[in-house]
Amino acid sequence: MALFMPLSWIWLLAYKFSSQREKIDMDLDRFCKVHNGCLPGNRRIYYLLSELVDDGGSEFRSLFLYRIGRKRYFIKHTMPHGAILLGFDVPREKLGGGLFIQHGYCTDLSAREIGENCWINQRVTLGYKGNDCPTIGNNVTIGVGAVVIGNVKVGNNVRIGANAIVVHDVPDNCTVCSPAATIVKRHDPPVNE
């Protein structure tokens, strides 16, 4: 934590003068609501600093650094032992505000656009198939381990279930899930543990 203290003042200045400040505020509001409830006025700045400095705020810190344009700095200085937390390949101006990333480890976000107020869980892949990658609408929740690849358009107000593999467009106001587990073979006699 002491390592990040001098950086916090630089990050505060970057926040104050960032062209992405409105989206950062939306992200901060979303993280506040999920973790602590809403924080009005100047208390937001304290929450911003705590999320940037605290070890538990690594998902917010990653998103923040990406928004202010410090992708290389983020990879070099905040990744312990080269561990991959988040991979971003989304144009910053096309990354909507209010994004919440739950346990972002092993999460790869490569998309043409991600809308506002989206919730993305761990081990999610938004990725390329050939030269095409997905477009994600507003208010989309993507479950643990879900994969959305190729030139797929996910509409607004969509929920994608855990481990779902999405390779076709999803219209607005839908929930998509992977098939339920089915028995493919019975062992006779029973398998011993």
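Before moving on, here are some points about what is shown:
- Ligands, DNA and RNA aside, residue 125 has an accessible area near 40 Å² when probed at 1.4 Å.
- Inter-probe distance in nm under a simple model that places probes 7 Å from Cα toward Cβ, at residue 19 and residue 175: 4.0
- Efficiency of FRET between residue 89 and residue 188 - r from beta-carbon atoms, R0 41 angstrom, step 0.05: 0.25
- Derived scalar couplings between HN and Hα for segment 123-136 equal 6, 7, 10, 10, x, 7, 10, x, 9, 10, 9, x, 10, 10 Hz in order, rounded to whole Hz, by the Karplus curve 6.51 cos²θ - 1.76 cosθ + 1.60 (θ = phi - 60°), x for Gly and Pro.
- The length gained by stretching the chain between residue 50 and residue 102 to full extension, at 0.36 nm per residue less their Cα-Cα distance, is 17.0 nm.
The values are calculated or read from the model by the stated rules, or taken from the named source; none is laboratory data. Everything quoted here is computed from the prediction, not taken from an experiment. Glycine gets a Cβ as well: all are built from the backbone with ideal geometry, and neighbour counts include every protein chain shown. All accessible areas refer to the heavy atoms of the entire protein, side chains included, with ligands and DNA or RNA removed. Shrake-Rupley method; radii C 1.70, N 1.55, O 1.52, S 1.80 Å.
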